[in-house]
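Colleague: One structure is given below, represented as structure tokens, and several questions about it will come after.
Laboratory data are not the source of any read-out in this text; all were calculated from the coordinates shown. From a predicted model like this one, the values you see are computed outputs, not experimental measurements. Here the Cβ positions follow ideal geometry from the backbone for every residue, glycine too, while neighbour counts run over all protein chains shown.
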Amino acid sequence: IVELFEYVTESDGKIYLKKYSFHWQDANGKLKRRWDNAPHHPELPNAPHHVHNEDGSVNEVKEIPDIFYIIETIEQGITQKS
């Protein structure tokens, strides 16, 4: 299951990403990964951008992910299982 959410605004012809959450879980509902910019991990470098991992850990993200990166990551995860 994949849920992709982006909240963007436009100003003076430019698009600004305000909020995002890219959630990936398996068929049983177990979290695989979730990337988001909710401000609940201010201790991380590059906060509020971070990723929740299936083992419960949370890590910084070096670059703000986009939907193309998320889809590629999920494809790699699925093909590695096969």
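Colleague: When the residues of segment 1-32 are narrowed to those that are closer than 15 Å to Asp66 by Cβ and among the charged types (D, E, K, R), which ends up farthest from the chain's Cα centre (by Cα)?
Modeller: Across segment 1-32, the extreme among qualifying residues is Lys18.
Colleague: Okay, moving on. Give the residues of segment 45-82 that are part of a loop (DSSP other than H, G, I, E, B) and under 10 Å from the mean Cα position of the chain (by Cα), sorted by residue number.
Modeller: His49, Val61, Ile64, Pro65, Asp66
Colleague: Can you list residue pairs whose Cβ atoms sit under 7 Å apart, with the first residue in segment 37-51 being in contact (Cβ under 8 Å) with a residue 40 or more places away in the chain and the second being exposed (fewer than 13 other Cβ atoms within 10 Å of the Cβ)? Count only pairs 6 or more apart in sequence or on different chains.
Modeller: Once the first residue is in contact (Cβ under 8 Å) with a residue 40 or more places away in the chain and sits in segment 37-51, no partner that is exposed (fewer than 13 other Cβ atoms within 10 Å of the Cβ) comes close enough.
Colleague: Being surrounded by 13 or more Cβ atoms within 10 Å (Cβ to Cβ) and among the small types (Gly, Ala, Ser) is the filter here, so list the residues in segment 51-68 that pass it.
Modeller: None; the set is empty.
Colleague: For segment 1-49, name all the residues that are out of contact with any His (no Cβ under 9 Å at 6 or more places or on another chain), exposed (fewer than 11 other Cβ atoms within 10 Å of the Cβ) and among the acidic types (Asp, Glu).
Modeller: Glu10, Asp12, Glu43 - these are the residues of segment 1-49 that are out of contact with any His (no Cβ under 9 Å at 6 or more places or on another chain), exposed (fewer than 11 other Cβ atoms within 10 Å of the Cβ) and among the acidic types (Asp, Glu).
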